[in-house]
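For reference, the structure is listed below as structure tokens.
The values are calculated or read from the model by the stated rules, or taken from the named source; none is laboratory data. If you're wondering where the values come from, they're calculated on a predicted model, not measured in any experiment. Counting neighbours? That spans all protein chains shown, and the Cβs are built from the backbone with ideal geometry, glycine included. Heavy atoms of the whole protein, side chains included, go into the accessibility calculation; ligands, DNA and RNA do not. Shrake-Rupley method; radii C 1.70, N 1.55, O 1.52, S 1.80 Å.
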Amino acid sequence: MSKERLIYLDNNATTPTDPRVVDAMLPFFHEIPGNAASRNHPFGWKAEEAVDYAREQIANLLSVDSKEIIFTSGATESDNLAIKGVFEMYARKGNHIITLKTEHKAVLDACKKVEKLGGQVTYLDVNREGLVDLKELESAITDKTILVSVMWANNETGVIQPMKEIGEICAKHGVLFMSDATQAVGKIPVNPKETGVHLMAFTGHKMYGPKGVGALFVNRKNPRVKVTAQMDGGGHERGMRSGTLNVPGIVGLGKAAEIASKEMHSDNERLSKLRDKLEKALMENLEEVYINGSVKHRMPHVTNLSFKHVEGEGLMMTFNQNIAVSSGSACTSASLEPSYVLIALGLGDDLAHSSIRFSLGRFTKEEDVDYAIDALTNGVTHMRNLSPIWEMYKEGVDLEAVEWSEH
Ligand SMILES: *Cc1c(COP(=O)(O)O)cnc(C)c1O
């Protein structure tokens with residue numbers, strides 16, 4: 001196989017924009033240049049009409065009212081708007097927020113900011129499967145709690161939280177429920193009303209739409225939820241998010257939502273088969289491969305695997321030029337840090353460092369998966385053949401008992 005071949009299995013980092021989305025967007029760059037807020041000429045009307053249409057397409061996907069969709073620049077902004085916006089808006093009711101240790105940085109760092117501003121945040125543990133304990137969540141609620149923020153599906157493991165049960169707990173205690181649903185919207189059925197979710201963040205570029213555009217769903221009735229704007233200006237988006245609307249981006253997000261409503265089921269049927277094929281083949285070809293996170297409550301296109309005694313970053317280098325995946329290590333300024341998500345699942349540093357996330361997508365072909373199976377099998381075998389630790393392990397040396405010298 002040629003080196004030129006590039007295989008993209010990193011769809012949880014970003015998805016390729018669907019060509020049908022690109023086509024829908026193109027006229028709004030040049031032919032229809034209007035500002036959706038220009039109410040006094042046809043250019044503005046056309047832009048506004050296109051934005052309204054996109055709002056409907058998105059509302060249809062989620063079974064919500066189009067007035068409940070607030071456009072933003074992406075999920076990071078939506079998470080910030082929801083968390084800081086609720087903290088400010090509901091300050092008289094309380095100052096306590098509950099979230100999970102496995103949330104995306106956009107949620108965790110917004111929570112850290114809230115703490116600096118005098119708020120209190122509880123970061124709940126998850127179990128080995130990556131799931132929240134509902135009893136623990138309920139007992140963390142106090143009379144000062146204003147918000148529970150739980151992601152719908154995890155970006156690293158694909159683990160899906162028990163959203164409906166959490167919604168019921170929040171409703172019982174009269175607490176707002178927010179979800180970073182970035183990895184779920186457009187991929188699996190997501191219905192915030194049925195689930196009791198009052199605020200929900202998502203983004204275009206994780207659902208085959210463009211980058212730099214996202215939205216926040218804000219429940220309008222029973223309860224009527226409001227967030228304090230984090231961006232001051234022209235009072236766009238019902239006063240919750242000022243700034244000229246990204247018309248081509250919004251048109252693209254709308255189109256992506258429409259395609260998702262029609263195709264997510266057939267996409268998932270195909271992708272879950274491919275994901276299972278990949279997982280099964282690697283576990284058959286290689287020893288000591290572990291699946292990270294719940295196998296039952298999981299997105300159909302994701303698998304996160306640890307290859308024991310193989311360092312993930314090093315493994316990626318054996319095929320880096322050909323296959324795009326993610327490892328369970330994050331580069332910080334000084335060193336490689338193991339993924340905090342995998343650590344929260346109870347993995348040791350070594351298994352976290354030896355993990356690889358494969359995320360398939362609408363444009364993944366079966367031959368891509370076949371190629372990845374070969375490349376990974378060869379890469380892991382190669383690295384283990386070179387590894388003294390693997391050799392010791394094979395010889396039956398108890399590695400836990402070995403005292404390693406500091407270096
Ligand atoms: C990608 C991602 C984000 C950030 O989205 P942007 O649109 O890139 O800001 C937030 N949360 C989750 C779970 C994500 O996967």
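Of all strands (runs of 3 or more DSSP E) completely enclosed by region 84-159, which ones contain at least 2 residues that are open to solvent by less than 10 Å² (accessible area, probe 1.4 Å)?
Output list reads 96-100, 145-149.
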Seminar exercise, completed: Glu287 vs (1) open to solvent by 60 Å² or more (accessible area, probe 1.4 Å); (2) within 16 Å of the ligand (Cβ to nearest atom); (3) of a type outside the set (S, T, N, Q): all pass except (2)
Problem set entry | Every residue from region 71-83 that is more than 11 Å from the ligand (Cβ to nearest atom) and touching a helix residue (DSSP H, G or I) at 6+ places or on another chain (Cβ under 6 Å) | Phe71, Ile83
Problem set entry | Any hit, region 274-295, residues being free of Cβ contacts under 8 Å to residues at least 12 places away in the same chain and closer than 30 Å to Ile58 by Cβ | no
Exercise. Does any residue of region 323-334 turn out to be open to solvent by less than 10 Å² (accessible area, probe 1.4 Å), out of contact with any helix residue (DSSP H, G or I) (no Cβ under 7 Å at 6 or more places or on another chain) and either of a type in the set (Ser, Thr, Tyr) or not assigned by TED's automatic domain parsing to the domain that holds Thr102 (or both)?
Worked result: no
Seminar exercise, completed: When Leu61 is run through (1) without any contact (Cβ under 8 Å) to a residue 12 or more places away in the chain; (2) crowded, with 22+ Cβ neighbours inside 10 Å, the failure sits at (1)
Seminar exercise, completed: Leu26 fails exactly one of (1) open to solvent by less than 70 Å² (accessible area, probe 1.4 Å); (2) modelled with pLDDT of 95 or more; (3) out of contact with any Asp or Glu (no Cβ under 8 Å at 6 or more places or on another chain), namely (1)
Seminar exercise, completed: All conditions in (1) within 16 Å of the ligand (Cβ to nearest atom); (2) out of contact with any strand residue (DSSP E or B) (no Cβ under 7 Å at 6 or more places or on another chain); (3) at positive phi are true of Asp109 except (3)
